[in-house]
Amino acid sequence: MKAPRRIEIPSFPKNKRVAVTTSFDDGHTHDRRIVGAFNEWGLKGTFNLNSGLLRREGTPSPDGARSYLDASEVADLYRGHEVAIHTATHPHLPRLDASQIALEVLEDRKALEDLVGYPVRGMAYPYGTYDQRTIDLLRSLGIVYCRTCENAEPCFPPKDPLAWPATAHQYAAGPSVPERFQHLYDNSRRGGVFFIWGHGFEFHDRNDWEALERIYRPLSGKPDVWYCTNIELCDYEDARKRLVIAANRRTAFNPSGLAITILVDGVVMEVPPGATRSLISSENT
Ligand SMILES: [Zn+2]
């Protein structure tokens, strides 16, 4: 049997064209409303929390303008989404010495891991402030990515995942989020990442909770869009880059823990985690 002529590794699982990911900072009680809507619409969120500011009463926090969630709510509320760090107490990191930065990051990481029960590896910079010294330190602390308050198109893959710009803030000036999404969705033959971030209190402070539906619902429900958390996007990118295609194009080896989608002469196939798969059509089952 002949080897295939071309094997491509598309950007996203199942050969989806576009990835939509979001992130929300600070962990206020407003997140309940966001998560509720996202669960209904099939959207995924990454929620960046300051563990040192969470309440520790053991009962759900009352709603309020800047009311932090209670630690006891975190695991259940964010199930199916990603919990990421935002430092323990929300300082400007470039104003701190290295040991304080390390403590802000590791204390938050450890406290959030105690709550959610999985390794927490993602982050967003408090106030969006960072410098090269902070980036180098975060990398050595096992932080995989860190979202900034900057915007870029395309926003992924970022030059440095520890200085990751989003596509836009949810209330960005200029074209609205749904308009920006439609533009990417209509024009993206090769695929692209659409990454929106914000805070729940923005809806509350503007008395504009309708914006949750207005901004986010148009992004939902597309069969050719991958709805993913920030870390799922980074992990998939990392795993697809590690896929090994034999020089004779007859086999592929996937050393990662994620199934990777490939296009073999235009036909969608999957290489299971840890497996070597034949790419000769008669040998595939
Ligand atoms: Zn913040």
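Among the conditions (1) in the same structural domain as residue 102 (by TED's automatic domain parsing); (2) under 29 Å from residue 79 (Cβ atoms); (3) at pLDDT 95 or above, residue 207 misses just one, which is (2).
Scan region 1-25 residue by residue and report those that are over 20 Å from residue 260 (Cα atoms) and in contact with a Pro (Cβ under 9 Å, 6 or more places away or on another chain). Lay out the reasoning, then the answer.
Here is the first cut: in region 1-25, the residues over 20 Å from residue 260 (Cα atoms) are 1-2, 22-25.
Result: 25, single match.
Of all residues in region 172-187, those satisfying the criterion of being in contact (Cβ under 8 Å) with a residue 24 or more places away in the chain and surrounded by fewer than 16 Cβ atoms within 10 Å (Cβ to Cβ) are 178, 182.
Yes or no, residue by residue, for (1) under 22 Å from residue 165 (Cα atoms); (2) not hydroxyl-bearing (Ser, Thr, Tyr):
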| site | (1), (2) |
| --- | --- |
| 77 | no, yes |
| 90 | yes, yes |
| 93 | yes, yes |
| 109 | yes, yes |
| 116 | no, yes |
| 126 | yes, yes |
| 129 | yes, no |
| 133 | yes, yes |
| 143 | yes, yes |
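Annotation: residue 202 fulfils all but one of (1) within 16 Å of the ligand (Cβ to nearest atom); (2) surrounded by 21 or more Cβ atoms within 10 Å (Cβ to Cβ); the unmet one is (2). Would you say residue 172 is under 25 Å from residue 30 (Cβ atoms) and either in contact with a Leu (Cβ under 7 Å, 6 or more places away or on another chain) or away from the ligand (no atom under 16 Å from the Cβ) (or both)? So residue 172 fits the description; yes. What is the residue count in region 1-37 for residues that are among the charged types (D, E, K, R), out of contact with any helix residue (DSSP H, G or I) (no Cβ under 6 Å at 6 or more places or on another chain) and within 16 Å of the ligand (Cβ to nearest atom)? Within region 1-37, residues that are among the charged types (D, E, K, R), out of contact with any helix residue (DSSP H, G or I) (no Cβ under 6 Å at 6 or more places or on another chain) and within 16 Å of the ligand (Cβ to nearest atom) number 2. Taking residues in region 193-222 that are farther than 19 Å from residue 41 by Cα, and partners anywhere that are of a type outside the set (A, V, I, L, M, F, W, C) and surrounded by fewer than 15 Cβ atoms within 10 Å (Cβ to Cβ), the pairs with Cβ atoms closer than 8 Å and at least 6 places apart or on different chains are 201/66; 202/208. With respect to the conditions (1) closer than 26 Å to residue 113 by Cβ; (2) among the polar types (S, T, N, Q); (3) at pLDDT below 95, residue 148 falls short on a single one, namely (3). Considering region 3-32, and only residues there that are touching a residue at least 60 places away in the same chain (Cβ under 8 Å) and among the basic types (Lys, Arg), the residue that is farthest from residue 236 (Cα to Cα) turns out to be 5. Only residues that are within 29 Å of residue 24 (Cα to Cα) and among the charged types (D, E, K, R) were counted across region 228-270, and they come to 6.
In the set (1) within 25 Å of residue 122 (Cβ to Cβ); (2) assigned by TED's automatic domain parsing to the domain that holds residue 36; (3) not aromatic (Phe, Trp, Tyr), the condition left unmet by residue 232 is number (2).
The values are calculated or read from the model by the stated rules, or taken from the named source; none is laboratory data. Treat the numbers as computed from the prediction; the structure is a model and nothing was measured. Using ideal geometry, Cβ is built from the backbone for each residue, glycine included, and neighbour counts are taken over all protein chains shown.
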